[in-house]
Amino acid sequence: MESTEYPDLASERLGGRVLAANDDFFAPKENLIKPAAPIFIEGKFTDCGKWMDGWETRRRRTPGFDWCIVQLGLAGRIRGVVVDTSFFRGNFPEHVSLEACEIVGTESSQQLESMAAQWSEILPKSPLGGDAKNLFAIESPKRTTHVRLKIYPDGGVARLRVHGEVLPDGGILSRAGEVDLATLANGGLVVASSDMFFGSVQNLILPGPSLGMHDGWETRRRRGPGHDWAVIRLGARGKIHRVEVDTSFFKGNFPESCSIEACTAPDNFAGETALAQLRWREVLPRSPLGVDANHVFEKKLRASGDATHLRLNIYPDGGVARLRAFGTLAAKAKV
């Protein structure tokens with residue numbers, strides 16, 4: 001998977017919060033993690049200067065750098081970051097770096113600022129381009145709960161996207177009875193799909209209800225034979241008892257029907273060849289879907305044993321808001 005195909009762990013949509021910044025004179029720090037793409041409004045000014053959809057500090061007249069601390073909405077392993085400087089042309093930072101840490105419990109912003117020993121650099125000081133989505137691939141094996149963005153020497157950043165793999169608290173799943181094994185919050189991840197032209201396939205497993213058609217997975221109109229599909233790696237190995245296929249907000253573009261298959265596979269399988277080699281077992285036979293509704297399937301499910309991955313098939317194409325897969329952990333998955 002490309003790093004940007006992983007969910008944005010810092011997003012306000014997932015509960016991310018901007019905790020502190022040394023300065024946000026021209027534009028507030030909270031803009032950094034807004035889920036919507038940044039915009040520009042010609043001629044709009046505030047009492048401080050030009051209105052900008054991002055975080056912007058004043059012009060630095062002393063040595064140093066500006067910084068901002070973000071608490072991730074979901075803790076995880078970071079795969080890549082996007083430092084988006086859209087519309088910042090004469091006022092973008094020259095360089096950027098990023099630090100990460102894992103904090104257990106609640107710390108004040110003042111404590112986080114002073115915990116020098118806890119922060120580790122995951123992106124060294126790197127050049128930054130203006131009015132651009134600056135992508136940096138990152139391989140950080142550590143579980144991260146907070147990041148600190150540093151900009152040199154000052155300027156504006158429209159958005160910070162922290163793409164990664166969710167690593168939930170290991171004890172949460174083991175203490176639960178029936179649990180949604182597919183949800184992003186429990187470590188689920190969409191690892192492959194046939195298409196995601198209109199909406200990110202990761203939206204399928206976001207926690208909470210869909211907020212609109214933009215908040216689901218929608219494929220382009222299929223003009224040939226076949227059907228669309230998405231493969232979800234479950235947060236833990238388990239036995240599925242109930243699934244929900246939610247087409248909320250999809251009215252003229254919902255799939256005609258769906259089916260679900262399950263398999264057991266290693267975490268790191270990837271690509272069409274690997275998918276074809278897996279032994280898929282049918283969990284839900286092809287079943288009709290309706291407009292703008294949450295479809296609950298329980299009695300129709302077929303016993304398939306323990307599973308690590310699910311494949312949602314939609315016929316022939318269209319949009320699905322959410323997929324929920326409720327079940328219990330396999331004995332080997334319990335800690």
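Laboratory data are not the source of any read-out in this text; all were calculated from the coordinates shown. From a predicted model like this one, the values you see are computed outputs, not experimental measurements. Neighbour counts run over all protein chains shown; Cβ positions are idealised from the backbone, glycine included.
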List the chymotrypsin sites (Phe, Trp or Tyr not before Pro) within segment 158-263 that DSSP assigns to loop and that have no more than 16 neighbouring Cβ atoms inside 10 Å. Phe197, Phe198
Dipole of the chain (Lys/Arg Cβ +1, Asp/Glu Cβ -1, origin at the Cα centre): which of Val283, Gly199, Val83 lies farthest to the positive side? Val283
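Find the relative contact order for the chain and round it to a whole percent, using C-alpha pairs within less than 8 Å whose residues are 6+ positions apart. Present the calculation step by step, with values, prior to reporting the outcome.
Details: 899 pairs, mean separation 61.6, N = 335.
Relative CO of the chain lands at 18 percent.
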Please report the relative contact order for segment 3-166, taking Cα pairs under 8 Å with a sequence separation of at least 6, and give it as a percent rounded to a whole number. 37
Neighbour counts of other C-beta atoms within 10 Å: give me Phe26, Phe92 arranged from fewest to most. Phe26, Phe92
5 angstrom amide H check on Ser248, placed H, neighbours 5+ away: Ala293, Ala321, Arg322
Treating cross-link reach as a plain straight distance, find the lysines whose alpha-carbon is under 17 Å from the alpha-carbon of Lys29, omitting any fewer than eight places away in the same chain. Lys50, Lys150
For segment 184-209 and segment 295-335, distance of Cα centres in Å: 14
Within a Cβ distance under 10 Å of Arg77, other residues only, what is the Lys/Arg minus Asp/Glu net charge? +1
Assertion target for Ile138, Ile260, Ile41, ordered by fewest C-beta neighbours within 10 angstrom first, is Ile41, Ile138, Ile260
Cα-based reach from Lys125 at 20 Å (exclusive), listing aspartates and glutamates while leaving out same-chain residues under 8 positions away: Asp23, Glu56, Asp66, Asp84, Glu94, Glu99, Glu113, Glu139, Asp154
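How many percent of Cα pairs in the chain exceed 32 Å?
Looking at the chain, the distances longer than 32 Å represent 36 percent of pairs.
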In a shell of Cβ-Cβ distance under 9 Å around Val157, excluding Val157 itself, what net charge do Lys and Arg (+1) and Asp and Glu (-1) give? -1
Table column - 3J(HN,Hα) (Hz), segment 237-252, Karplus curve with 6.51, -1.76, 1.60, x for Gly and Pro: 5, x, 10, 8, 10, 8, 10, 10, 10, 9, 9, 3, 6, 9, 10, x
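Let me spell out the model: positive unit charges on the Cβ of Lys and Arg, negative unit charges on the Cβ of Asp and Glu, origin at the Cα centre of the chain. What dipole size does that give, in debye rounded to 20? Spell out each step's value before the answer.
On the way: 42 positive and 41 negative charges, 132 e Å.
I would put it at about 640 debye.
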Any aspartates and glutamates whose Cα falls less than 15 Å from that of Lys299, other than same-chain ones fewer than 8 residues away, would be Glu244, Glu282
Taking every Cα atom in segment 170-333, find the radius of gyration and the maximum pairwise distance Dmax, and write them in Å. 14.7, 47
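Ranked highest first by average number of other Cβ atoms within 10 Å, how do 321-328, 29-36, 182-189 line up? Walk me through the numbers before you get to the answer.
Numbers: 321-328: 22.4, 29-36: 19.0, 182-189: 24.1.
Per-residue Cβ counts within 10 Å, averaged per peptide and sorted highest first, yield 182-189, 321-328, 29-36.
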Please tell me the relative contact order of segment 170-333 in percent, rounded to the nearest whole number, where contacts are Cα pairs under 8 Å and at least six residues apart. 36
First select every other residue whose beta carbon is under 11 angstrom from the beta carbon of Arg221; then total the charges, Lys and Arg +1, Asp and Glu -1. -1
Would you mind working out the magnitude of the charge dipole of segment 1-154 relative to its Cα centre, with +1 at each Lys and Arg C-beta and -1 at each Asp and Glu C-beta, to the nearest 20 Debye? 120
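Roughly how many debye, to the nearest 20, is the charge dipole of segment 170-333 about its Cα centre, given +1 on each Lys and Arg Cβ, -1 on each Asp and Glu Cβ, and no other charges? Please report the intermediate quantities before stating the final value.
Details: 20 positive and 17 negative charges, 76 e Å.
Roughly 360 debye for segment 170-333.
Treat the count of other C-beta atoms within 10 Å as a stand-in for reagent exposure and order Asp8, Asp47, Asp154 from fewest to most. Write down the numbers at each step before the final one.
Numbers: Asp8 25, Asp47 4, Asp154 21.
Fewest to most other Cβ atoms nearby, the residues stand as Asp47, Asp154, Asp8.
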Quick one: which residues, 5 or more positions from Gly199 or on another chain, have an amide H under 5 Å from its amide H? H modelled 1.01 Å from N in the peptide plane, none for Pro or chain starts. Glu218
